[in-house]
Every structure is written in C-alpha cells, then in structure tokens.
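The values are calculated or read from the model by the stated rules, or taken from the named source; none is laboratory data. For clarity, every value in this text was computed on a predicted model and none was experimentally measured. As a convention, Cβ positions derive from the backbone with ideal geometry for all residues, glycine included, and neighbour counts pool all protein chains shown.
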Amino acid sequence: MSEKSWGEVDGYIGERLLAGADPVFEAVLRANAAAGLPAIDVSPAQGKFLNLLVRIAGAKRILEIGTLGGYSTIWMAKGMAEGGRLTTLEYSPRHAAVAAENLVRAGVLDRVEIRVGAALAALPELAGPFDLIFIDADKPNNPNYLEWALKLGREGSIIVLDNVVREGRIVDGRSADANVRGARAGFDFLHNHPRIDATALQTVGLKGWDGFVLGVVRAG
C-alpha cells in the first residue's frame, strides 16, 4: 500500500471515530501553520491515543518534553481528571508563544504550565512523580530524556517516546542521521535499563511510516 492509502485510512478513522472531537484541534493546526511552525505534530488519531492513555491511567500529573504548538498538549490536557496538571517543556520561545495562544483557544491554559528553554536545564528543576511522560523533542537527546523520565516517574508511570522508526531507518546501524542515531540510542537505553518495561509499535498514516515506544516504570 502507498502513503496515499495510509492517509486515506487515517481519514476514515477520523470520520468514524474522531468525528465528535472538539473543533479546536483543527483550529490549532491552522494556527500552527499560519505561524510557520513545522507540520510535525502528532496525527489526530495519535492525539486521541494519548488522550485515551491519560484517561485509562487516570493520570493527574503529566510531563511533556517538546511542546511545539501545543497540539498534543491539548489532547492530553483534555484527558486529565479534575485537578490534573500538565507541565510541558519547549526550547523555542516562538513556539511556546504560539502554544500559549492555542492553550487559551482550547480552554486548558489553567491546567498547563509551559517552561521555555532547554529541556535538560529545566528537568532538574522539576519535582516528580509524574504519572505519564510524553517525549517528543530533539531525538539525539532521547537517552537523556528517558533517564530523566525514570527519575521523575514512579512505579507504574507511563512513558511514551515518539518518532522511533524513522521511515524504517532505525535498523541502519551505520546511519549518519542524528535523528536515527538518537532513536537507536533510545532503544539501547531501554534494552539495558532494568527499571522500564517497554515495547515499540510501528505506525503508518498521515505522518508516513514511524512508530513510538510505550513503557511502564518498574519498581526499584
């Protein structure tokens, strides 16, 4: 099947299962495009997946590493139980400003804190534990972000690491692509660390061929 077919299937899923989604999500994507942000948000189906994970876990404290325009942030924030709080880290002040406007548009700014600057500088300032941690930032730092996710998590915390298949290039151990190397380093970290139980799922759709890691923090 072609990428065109993958996109058509994503469209079908949207029509059948996401038809009742808040129209703010489309408005957010339009705002991101108007602001010139790269179109690298999660897909609507993936956003709903994150929303369902939050609801299934009953997550009330969420950490997101990589905000962009706040599209995934809003999906997760809307899944939190009353009193929940989401902290999201964004390197670019411009992206963070767009995200803040989108959070206002979605009516969730009161439950989200955006911290601007390098995530590795902000992470030591945070106090855990977080119930769910979503990592979707610069890929070369995947092992560092995973290490901090374990420090800021607890037994049972959910960790999601996005964009780990890279159009299948993840299997190329000789790749010079920094994003592929970062994804592979993330897999090496997960393979060797005793405190996380994880799997990875491949995805195809509007965003091409990619995938994500889903993990649960173990005790110890």
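For this structure, a couple of remarks:
- Qualifying residue in the range 127-147 (condition: among the small types (Gly, Ala, Ser), within 30 Å of VAL104 (Cα to Cα) and touching a Lys or Arg at 6+ places or on another chain (Cβ under 8 Å)): yes
- The residues on offer are VAL217, VAL213, VAL164, VAL171, and the sole one that is hydrophobic (A, V, I, L, M, F, W, C), touching an Asp or Glu at 6+ places or on another chain (Cβ under 9 Å) and more than 20 Å from LYS48 (Cα to Cα) is VAL217.
- Residue count for the range 25-56 satisfying the condition of being over 26 Å from TRP209 (Cβ atoms) and either touching a helix residue (DSSP H, G or I) at 6+ places or on another chain (Cβ under 6 Å) or touching a residue at least 60 places away in the same chain (Cβ under 8 Å) (or both): 3.
- Of the residues GLY156, GLY168, GLY182, the single one that is closer than 25 Å to GLY58 by Cβ and modelled with pLDDT of 95 or more is GLY156.
- Screening TRP75 on (1) crowded, with 23+ Cβ neighbours inside 10 Å; (2) more than 21 Å from GLY117 (Cβ to Cβ); (3) in contact (Cβ under 8 Å) with a residue 60 or more places away in the chain shows it passes everything except condition (3).
- Single condition GLU82 does not satisfy, out of (1) within 27 Å of ARG195 (Cα to Cα); (2) at pLDDT below 95: (1)
- Count of the range 52-86 residues which are more than 22 Å from ALA39 (Cα to Cα) and in a loop (DSSP other than H, G, I, E, B): 9
- The range 81-104 residues that are surrounded by 15 or more Cβ atoms within 10 Å (Cβ to Cβ), paired with ones that are aromatic (Phe, Trp, Tyr) (beta carbon under 8 Å, 6 or more apart): THR87/PHE130; ASN102/TYR71
- Contact map, the range 125-136: first residue under 26 Å from ASP41 (Cβ atoms), second residue among the acidic types (Asp, Glu), Cβ cut-off under 7 Å, separation 6 or more or different chains; pairs are PHE134/GLU64; ILE135/ASP162; ASP136/ASP162.
- Hey, LEU37 under 19 Å from the mean Cα position of the chain (by Cα) and part of a helix (DSSP H, G or I) or not: no
- The number of residues in the range 171-192 being touching a strand residue (DSSP E or B) at 6+ places or on another chain (Cβ under 9 Å), touching a residue at least 40 places away in the same chain (Cβ under 8 Å) and either within 13 Å of PRO140 (Cα to Cα) or assigned to a loop (DSSP other than H, G, I, E, B) (or both) comes to 3.
- Hits in the range 132-153 (condition: over 21 Å from LYS60 (Cβ atoms) and among the hydrophobic types (A, V, I, L, M, F, W, C)): ALA137, LEU146
Yes/no matrix, rows are residues, columns are (1) exposed (fewer than 12 other Cβ atoms within 10 Å of the Cβ); (2) closer than 26 Å to TRP6 by Cα:
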residue: ARG166; (1), (2): no, yes
residue: VAL171; (1), (2): yes, yes
residue: ARG174; (1), (2): yes, no
residue: VAL180; (1), (2): no, yes
residue: ALA183; (1), (2): no, yes
residue: GLY186; (1), (2): no, no
residue: ASN192; (1), (2): yes, no
residue: ILE196; (1), (2): no, no
residue: ALA200; (1), (2): no, yes
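- Verdict on LEU17 being out of contact with any Cys (no Cβ under 6 Å at 6 or more places or on another chain), surrounded by 14 or more Cβ atoms within 10 Å (Cβ to Cβ), touching a residue at least 24 places away in the same chain (Cβ under 8 Å) and of a type in the set (A, V, I, L, M, F, W, C): no
- Filter result for the condition that a residue is over 15 Å from LYS139 (Cβ atoms) and in a loop (DSSP other than H, G, I, E, B), over ALA219, ALA198: ALA219
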